[in-house]
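Read-outs throughout are calculated quantities, based only on the coordinates presented, and are distinct from any laboratory measurement. None of these values were measured; they are calculated from a predicted model. Neighbour counts run over all protein chains shown; Cβ positions are idealised from the backbone, glycine included.
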Amino acid sequence: MSYTVTVVFGGNREYDFALHDSEVTGMTKDQARGWLAKEFEELECTPTNPMGKVLVLDMVLNVAKYGGESRFEQATEWAKKFALVTAAALDRPAVRVDVAGFTVG
């Protein structure tokens, strides 16, 4: 199975990352969540839940938002890692991270 993570910043600004099954299955959900949590802290993301509980989808959306479009546009190693951990954390063959709409589908 192959995986595709698309990160959207509105309009035609979409960035696709194709991943092989072996890349995604080589990372556990806990490792993926750990990377997202670390980036969430380092990027000083603001939790969307006023109770302070941060869900995986919140981490994915906020890390993409605070990480910035330029990382995805340039297809940096960081952006590729984001795609990998997102695919592993959500375990879906296709993920669409709509930063502008603040949704994951």
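Taking only C-alpha pairs under 8 Å that are 6+ residues apart, what is the relative contact order of region 2-104 in percent? Show your work: numbers first, answer last.
Details: 140 pairs, mean separation 45.4, N = 103.
Relative contact order here is 44 percent.
In what order do TRP35, TRP78 fall by count of nearby beta-carbon atoms within 10 Å, going from fewest to most? Intermediate values should be presented prior to the final figure.
Details: TRP35 20, TRP78 15.
Result, fewest neighbours first: TRP78, TRP35.
Rounded to the nearest 5, what % of DSSP beta bridges with both residues in the chain are antiparallel?
Numbers: 9 of 14 bridges.
Roughly 65 percent of the beta bridges in the chain run antiparallel, per DSSP.
Which net charge results for the neighbourhood of VAL5, defined as the other residues with beta-carbon distances under 10 angstrom from its beta-carbon, given Lys and Arg at +1 and Asp and Glu at -1? All intermediate terms of the calculation are to be shown ahead of the outcome.
Working: positive: LYS80, ARG92, ARG96; negative: ASP16.
With Lys, Arg at +1 and Asp, Glu at -1, the net is +2.
Please state the charge dipole magnitude for the chain, taken about the Cα centre, from unit charges on C-beta atoms (+1 on K and R, -1 on D and E), reported in debye and rounded to the nearest 20.
Working: 11 positive and 15 negative charges, 35 e Å.
Using only the charged Cβ atoms, the result is roughly 160 debye.
Could you work out the helix-only [θ] at 222 nm for the chain, with each DSSP H run of four or more residues adding -39,500 (n - 2.57) and the total divided by the number of residues, to the nearest 500 deg cm²/dmol? Don't skip to the answer; put the middle values down first.
Numbers: 5 runs with 50 residues, N = 105.
It comes out at -14000 deg cm²/dmol, rounded to the nearest 500.
Length gain on complete extension for the stretch GLU73 to LEU43, per 0.36 nm per residue less the alpha carbon to alpha carbon distance? List each step's numbers first, then the result.
Values: separation 30, 0.36 × 30 = 10.80 nm, distance 1.82 nm.
Roughly 9.0 nm would be gained on extension.
How large is the direction-averaged shadow of the alpha-carbon convex hull of the chain, in nm²? Don't skip to the answer; put the middle values down first.
Details: hull surface 24.5 nm².
With the hull built on Cα positions only, its mean projection is 6.1 nm².
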